[in-house]
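**Student:** Just dropping this structure here.
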């Protein structure tokens, strides 16, 4: 123990509320979650960047903003 | 009998007569007697209307009205307090001290009006009964099955995560609602896990609007509800109006053990670090686990920040029959 991060547990049967530190498995999961989250955010950012790039290229071809939006959205 | 003489203005040099002493002075003072019997004896044949006396044995002051001695103690004009049978009160009196009480008899009794100025008593119902209306009057009744039950309420404060545990399987669906979630910094994210399961069992399809853009963000085989768009927000550090994280999440047929669980929900927040700040998410998610859901974790996916409920907010878990 001694990981410092607390977790509150609400027992829905009894209403009892307890608080404890994360256990070793949960701390390891946190590290995994950090990586998964960063990976997911990068995927989303890349998708957004690709979309913006496509919009810019279409605009460079002479399409109006409405025409670009009709193809790839706003 | 000579009447008392009332007020007389004496002038310098006036000769005081016996009649004046008797009818202007003595008869119009407050006379002292040990008892009423002593007074009767002393004033026999001379008592007249307007006399006052003080009786030492009863410490009472009385006046003679021409026929009898009347007390001037508590001279108010209320001569009785009546509490009718349907007044809702008991303890009325016509003399002495009134000790009024509500006309209830038993622990849990209620009184309700039956007309102008009249009430009736309603005894307490049995456990879990609710107050309803029957035949135009209040009545305890057993609620029919159905409706929503508030299972638990949490108001996180500087929380790094919390869990609804030991959720009864007695409901048909679960609904979680929340509002006013604020993160302590703009680099933290909180998501939802079911049964503390961090396997690749969460398959979600999410549509979200960010400013004027509508985007689809699917997450197949994720280890939480949706790490791309965490349910309890990411970077929600702007406490301005409409910027905190609020939303709802349905968990359908959560207690079944025959097939995967379907969930849907929507949530919104203001991403303090993103380019498109205001984000509104609408999601469908399949949790590929047959086990009944008995716990819901709100877990921190990223960062070191905490979450706190702003004014009037809360996280509530409901059961739907």
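Every number in this text was worked out from the coordinates using simple rules, so none of it is lab data. Only a predicted model underlies this, so the values are computations on that prediction, with no experimental measurement involved. Backbone-built Cβ (ideal geometry, glycine too); neighbour counts: all protein chains shown.
**Student:** What is the gain in length, in nm to one decimal, between residue B:310 and residue B:137 on full extension, counting 0.36 nm per residue of separation less the C-alpha to C-alpha distance?
**Tutor:** Here the answer is 58.1 nm.
**Student:** Let me ask you something else. Is there a simple number for the mean count of other chain Cβ atoms within 10 Å of the Cβ of residues in B:51-60, and what is it?
**Tutor:** 0
**Student:** Sort B:179-186, B:48-55, B:108-115 by the packing proxy (mean of other Cβ within 10 Å over each peptide's residues), most packed first.
**Tutor:** B:179-186, B:48-55, B:108-115
**Student:** To the nearest 500 deg cm²/dmol, what mean residue ellipticity at 222 nm is calculated for chain B from DSSP H runs of n ≥ 4 alone, each contributing -39,500 (n - 2.57), summed and divided by the residues?
**Tutor:** -500 deg cm²/dmol
**Student:** Same structure, new question: How many Cβ atoms of partner chains, on average, are near each residue of B:149-157 if near means within 10 Å of its Cβ?
**Tutor:** Mean partner shielding for this stretch: 2.
**Student:** While we're looking at this one, here's another question. Determine the shielding of peptide B:195-206 by partner chains: average, over its residues, the number of Cβ atoms on other chains within 10 angstrom of each Cβ.
**Tutor:** 1
**Student:** Still on this model: Could you work out [θ]222 nm for chain A from helices alone, using -39500 (n - 2.57) per DSSP H run of at least four and dividing by all its residues? Round to the nearest 500 deg cm²/dmol.
**Tutor:** Only helices count here, giving -21500 deg cm²/dmol.
**Student:** What's the FRET efficiency of residue B:61 with residue B:100 using the Cβ-Cβ distance as r and R₀ = 30 Å, to the nearest 0.05?
**Tutor:** Taking R0 as 30 Å, the efficiency between residue B:61 and residue B:100 is 0.60.
**Student:** Going by how many other beta carbons lie within 10 Å of each one, how would you line up B:32, B:63, A:37, fewest first?
**Tutor:** B:32, B:63, A:37
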